[in-house]
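Structure first, then comments.
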Amino acid sequence: MIDNYNFAGKKAIIRVDFNVPLGAQYEVTDDTRIRGALPTIKKVLGDGGSAILMSHLGRPKSGPEEKFSLKHVIPNLSGHLGVDIQFADDCMGKQAAEKSAALKPGQVLLLENLRFYTAENKVSTDEEKAATRVFAEKLSTYADVYVNDAFGTAHRAHASTAVIADFFADDSKMFGFLINKEIKAMDKVLHHSDKPMTAIMGGAKVSDKIQVIENLLDKVDNLIIGGGMTYTFIKARGGEIGNSLCEEDKLDVANELVKKAEAKGVKLILPVDQVLADTFDNEAHTELAPIDQGKAGYMGLDIGAKSVEALTQVIMDSKTILWNGPMGVFEMPSFQKGTVSIAKAIAESTAQGCFSLVGGGDSVAAVNKFGLADKVSYVSTGGGAMLEYIEGKVLPGIKAIRG
Ligand code: AMP
């Protein structure tokens, strides 16, 4: 809808995701999210509309905090847009209402961090929900049109991500280009994938990803498990894991997932070897070992060369790939090889025509760290939101607009 909408003469309030990392001088250290919002903002301005931008930044406890002020993003944003950015230092204050009322076509107003008000995101009790509605309604009065382009918070039923949509007519609320792109990429993987399709799930915990894995079993041909969660599967089938990460209370779940995969004809692929370390440290003494031959005092912190070889083959043979979570403790150079190799294999497979979607904070950090972000088909901006979408959940931010 945003493609066909003409913003001329309209004020659009846009929920963007400017939750960016800041350095010691409060400078933006990674502006990926800001760049992600630019196409939508430029469309509004290009049509002859004006943009009121709202976002959260960090996790303020209650009330304003300098380190979470959105004013820190202004130099970066204004550099990208080539226009001056007006700022309202209180998203609920008189100034915010006056500045938005006075906004002219082509102008941009940024509101201060929404989460300086707990009404933005505290929505547990009835009282809190009522406060959130009031807060959302007030925000809605600033503009003629509501655009949600913050995919990273689409799984939250917050004032600016969902509730505010109630105060706009159906033809005056829409997704921005970024959310549209995210939905398209996820739907391609989930509903229109070319086969064979492979999901690669890594990271620390099985418990975080059980639902995702279950839902994926209906979609994929291969399910690769890597990273810390491997060891719960290995222990469940009787392997020795030494001091590796393990969720003892999820052993049954792991066995069940293996059985379900078998029943559905999905190849569940675990690493065959590992890099063992005597401490959780980059300088640790390391040894290579088969995956089910860990030993006391040692923990597996990366997958080994044989695993890389086997997984690379599966990846190269795939036509669709979904990757979430690293293969090892990639933050430490001694244990990054498995994750780098898998990332490179995905990039290579993509070059041969495979569609690859990478999502989840740590795998995104990994492709960025290794300079491979533009060599995969799509990098999702929302880890939690993407996982919930893949779990099959309805995201409040999406439902608020789609109905
Ligand atoms: P998650 O947030 O669940 O995707 O987990 C990501 C984290 O898992 C990263 O910080 C990795 O360092 C960590 N991780 C990956 N593999 C292992 C492992 N074998 N042992 C401990 N932590 C791991």
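Which of (1) more than 30 Å from P196 (Cα to Cα); (2) free of Cβ contacts under 8 Å to residues at least 12 places away in the same chain; (3) not small (G, A, S) is the odd one out, the single condition E262 does not satisfy?
(1)
Identify, please: which residue in the range 298-325 is of a type outside the set (A, V, I, L, M) and within 15 Å of the ligand (Cβ to nearest atom) and is, among those, most open to solvent (accessible area, probe 1.4 Å)? I'd like the intermediate steps shown before the answer.
The first filter runs over the range 298-325 and keeps only residues of a type outside the set (A, V, I, L, M), leaving 298, 300, 302, 304, 306-307, 309, 312-313, 317-320, 323-325.
Right, trim to within 15 Å of the ligand (Cβ to nearest atom) and you get 298, 300, 302, 304, 307, 323-325.
Numbers: Y298: 36, G300: 11, D302: 5, G304: 2, S307: 2, W323: 1, N324: 5, G325: 5 Å².
Restricting to residues being of a type outside the set (A, V, I, L, M) and within 15 Å of the ligand (Cβ to nearest atom), the top hit is Y298.
Could you pull out every one of the helices (runs of 4 or more DSSP H) wholly within the range 63-154 that has 1 or more residues that are modelled with pLDDT of 95 or more, farther than 24 Å from K173 by Cβ and in contact with a strand residue (DSSP E or B) (Cβ under 9 Å, 6 or more places away or on another chain)? Working first, answer last.
Numbers: elements: 74-81, 94-101, 126-140.
By residue number, 74-81, 94-101.
Limited to the range 204-214, what total is found for residues that are open to solvent by 10 Å² or more (accessible area, probe 1.4 Å) and either within 6 Å of the ligand (Cβ to nearest atom) or touching a strand residue (DSSP E or B) at 6+ places or on another chain (Cβ under 7 Å) (or both)?
Initially, the range 204-214 is screened for residues open to solvent by 10 Å² or more (accessible area, probe 1.4 Å), giving 204-205, 207-211, 214.
Applying the additional criterion that residues be either within 6 Å of the ligand (Cβ to nearest atom) or touching a strand residue (DSSP E or B) at 6+ places or on another chain (Cβ under 7 Å) (or both) yields 204-205, 208-209.
Qualifying residue count for the region: 4.
Out of curiosity, is S377 open to solvent by 40 Å² or more (accessible area, probe 1.4 Å), in contact (Cβ under 8 Å) with a residue 40 or more places away in the chain and touching a Ser or Thr at 6+ places or on another chain (Cβ under 9 Å)?
Working: open to solvent by 40 Å² or more (accessible area, probe 1.4 Å): yes; in contact (Cβ under 8 Å) with a residue 40 or more places away in the chain: yes; touching a Ser or Thr at 6+ places or on another chain (Cβ under 9 Å): yes.
In short, yes.
Got a sec? Which of A37, A12, A51 is surrounded by 16 or more Cβ atoms within 10 Å (Cβ to Cβ) and part of a helix (DSSP H, G or I)?
Values: A12 fails: part of a helix (DSSP H, G or I); A51 fails: part of a helix (DSSP H, G or I).
Answer to the check: A37.
Can you pull out every residue in the range 155-169 that is surrounded by fewer than 22 Cβ atoms within 10 Å (Cβ to Cβ) and part of a helix (DSSP H, G or I)?
Pass one, the range 155-169, residues surrounded by fewer than 22 Cβ atoms within 10 Å (Cβ to Cβ): 156-157, 166-169.
Once the filter is applied, which keeps residues that are surrounded by fewer than 22 Cβ atoms within 10 Å (Cβ to Cβ) and part of a helix (DSSP H, G or I), the range 155-169 yields D166, F167.
Under 6 Å by Cβ, and 6 or more places apart or on different chains, what pairs join a residue from the range 127-145 that is small (G, A, S) with one that is outside any strand (DSSP E or B) and surrounded by 15 or more Cβ atoms within 10 Å (Cβ to Cβ)?
Going by the 6 Å Cβ cut-off, the qualifying pairs are A131/A119; A136/A159; A136/V163; A136/I164; S140/I164; S140/F167.
Any residue that is basic (K, R), more than 14 Å from the ligand (Cβ to nearest atom) and assigned to a helix (DSSP H, G or I) - is there at least one of those in the range 262-284?
Step one: filter the range 262-284 for residues basic (K, R), giving 264, 267.
Subset that is more than 14 Å from the ligand (Cβ to nearest atom): 264, 267.
Pick out the ones that are also assigned to a helix (DSSP H, G or I) and you get none.
No, the range 262-284 has no match at all.
The values are calculated or read from the model by the stated rules, or taken from the named source; none is laboratory data. Small disclaimer: the values here were computed from a predicted structure and weren't measured. We place every Cβ from the backbone using ideal geometry, glycine too, and count neighbours over all the protein chains shown. Accessible surface areas use protein heavy atoms only, side chains included; no ligands, DNA or RNA. Shrake-Rupley method; radii C 1.70, N 1.55, O 1.52, S 1.80 Å.
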